[in-house]
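The values are calculated or read from the model by the stated rules, or taken from the named source; none is laboratory data. The structure displayed is predicted, hence computed values, not measured ones. Please note: Cβ atoms are built from the backbone with ideal geometry, for glycine as well, and neighbour counts cover all protein chains shown. These accessible areas exclude ligands, DNA and RNA; they are computed on the full protein's heavy atoms, side chains included. Shrake-Rupley method; radii C 1.70, N 1.55, O 1.52, S 1.80 Å.
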Amino acid sequence: RKGKTPEEVVKKYLQKVKSPPEEDCTICMEPLGGPSGYKGPGVGPVSRAESVGRLAQCGHQYHFQCLVAMYNNGNKDGSLQCPTCKTIYGVKTGNQPAGKMEYHVIPHSLPGHPDCKTIRIIYNIPPGLQGPEHPNPGKPFTARGFPRHCYLPDSERGRKVLRLLLVAWDRRLIFSVGTSSTTGESDTVIWNEVHHKTEFGSNLTGHGFPDPGHLDNVLEELRAQGITEDDGLME
Ligand code: APR
Ligand code: ZN
């Protein structure tokens, strides 16, 4: 058989809890001492011994069935994220549609980075049909404003951010499909949680330069997606 079942994936990241604390499960809001409040399709009975689990790294506790239900609601990529503290177990991936990421160096300096050239990243994603990992499977999605051009200083730190963005692209985390907060359009390609600078010489949208905190912010946003400096070295 190929792949792990949702139950097997969740179990891998859990330690058993013999006597659950007198607290509520923050997924279903029911007491951890009682059954999971989640009664959806495909939720079978579990033995009492495995009804509550502790996530191995962060220690947060949930009903086993609640974690399985949460996993089934996502894109089932073998990773799990603690809903309380966002600790990631396994390798998180997203639902970015198929497309292309390219980059090159242009011989001009960005405002605030006078001593180096500039990296231009070009993202191109065509419109298409939503898959099972998207909000409305089978329905078309639009893709506005592509190719989207983004800028980074061609400094050591800028190149580090680029390496991590390449990892994020491979893990389908740069864009997603949903409702644009700028235009209100639904079923369209939108930026995911990692900010990009799309203006070169001006800053009319607030997504331009100078912005001294930008590279640090992006590194932090990448970390929240489970991408750290080690990833950039390995890939
Ligand atoms: N440039 C970079 N980032 C942007 C821009 C922009 N022009 N507009 C919004 N964002 C950021 C927002 O700050 C937010 O964090 O993207 C995130 C998602 O915002 P949405 O409006 O939902 O994203 P999207 O519809 O993809 O972007 C709106 O950005 O690049 C342009 O052509 C694109 O006009 C579109 C605009
Ligand atoms: Zn629960």
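Defining a contact as two alpha carbons under 8 Å apart and six or more residues distant in sequence, what relative contact order in percent does the chain show? Show your work: numbers first, answer last.
Values: 403 pairs, mean separation 33.2, N = 235.
Dividing the mean separation by the residue count of the chain yields 14 percent.
Among E220, E23, E133, determine the one that fluctuates most according to a GNM of the chain built with springs between C-alpha atoms less than 10 Å apart.
Among E220, E23, E133, the largest GNM mean-square fluctuation belongs to E23.
Using a Gaussian network for the chain with springs between C-alpha atoms less than 10 Å apart, which of these wobbles most: S19, S36, S202?
Fluctuation is largest for S19.
How would you rank 3-12, 102-111, highest first, on the average number of other Cβ atoms within 10 Å across their residues?
Working: 3-12: 15.3, 102-111: 13.2.
Highest-to-lowest ranking by the protection proxy: 3-12, 102-111.
So, R0 is 25 Å and r is the distance between the beta-carbons of R157 and N203; what FRET efficiency does that work out to, to 0.05? Write down the numbers at each step before the final one.
Values: r = 20 Å, r/R0 = 0.79.
Rounded to the nearest 0.05, the efficiency is 0.80.
Nearest 500 deg cm²/dmol is fine: what mean residue ellipticity at 222 nm does the chain get from its DSSP H runs of n ≥ 4 alone, each adding -39,500 (n - 2.57), divided by its residue count?
Working: 5 runs with 49 residues, N = 235.
Helix-only estimate at 222 nm: -6000 deg cm²/dmol.
Please say if segment 119-235 is rounded, prolate or oblate, where rounded means a/c under 1.5 for a ≥ b ≥ c the square roots of the C-alpha gyration tensor eigenvalues, and otherwise the choice is prolate for a/b larger than b/c and oblate otherwise?
Values: a/c = 2.17, a/b = 1.40, b/c = 1.55.
Oblate.
Note down the magnitude of the dipole of segment 138-235 about its Cα centre, charges +1 on Lys and Arg C-beta and -1 on Asp and Glu C-beta and zero elsewhere, to the nearest 20 debye.
On the way: 11 positive and 15 negative charges, 63 e Å.
It comes to approximately 300 debye.
How far, in degrees from 0 to 90, does helix 64-73 lean away from the longest principal axis of the Cα atoms of the chain, to the nearest 10?
40 degrees
Counting each pair of different Cα atoms once, what's the Kirkwood radius of segment 190-235 in Å, rounded to one decimal?
Computed over segment 190-235, the radius equals 11.8 Å.
Ignoring ligands, DNA and RNA, what accessible area per residue does the chain give at 1.4 Å, in Å²?
On the way: 13040 Å² over 235 residues.
That works out to 56 Å² for each residue.
Using a 1.4 Å probe over the heavy atoms of the protein chains, calculate the carbon and sulfur portion of the accessible area of the chain as a whole percent. Write down the numbers at each step before the final one.
Details: 6730 of 13040 Å².
Within the chain, the accessible surface is 52 percent carbon and sulfur.
Between the helical axis of 214-224 and the dominant principal axis of the chain, each derived from Cα atoms, what acute angle in degrees is found, rounded to the nearest 10?
20 degrees
P(r) tail for the chain, what percent of Cα pairs lie past 33 Å?
On the way: 8466 of 27495 pairs.
Considering the chain, 31 percent of its Cα-Cα pairs are separated by more than 33 Å.
May I ask you to compute the full-extension gain from N72 to Y103, defined as 0.36 nm times their residue separation minus their alpha-carbon distance, rounded to one decimal in nm? If you can, show how the numbers build up before the last one.
On the way: separation 31, 0.36 × 31 = 11.16 nm, distance 3.54 nm.
That pair, N72 and Y103, stretches by 7.6 nm at full extension.
Hey, can you grab everything whose amide H is under 5 Å from the amide H of D24? Only 5+ residues off in sequence or another chain; H modelled, so Pro and N-termini drop out.
L32
Figure the gain on full extension for C85 and K16 (residue separation times 0.36 nm, minus the Cα-Cα span) and round it to one decimal in nm. Write out the running numbers ahead of the final one.
Working: separation 69, 0.36 × 69 = 24.84 nm, distance 1.95 nm.
Fully extending the segment from C85 to K16 adds 22.9 nm.
How many nm separate the modelled label positions at L129 and F146, each set 7 Å beyond the Cα in the direction of the Cβ?
Label at L129, label at F146, 1.7 nm between them.
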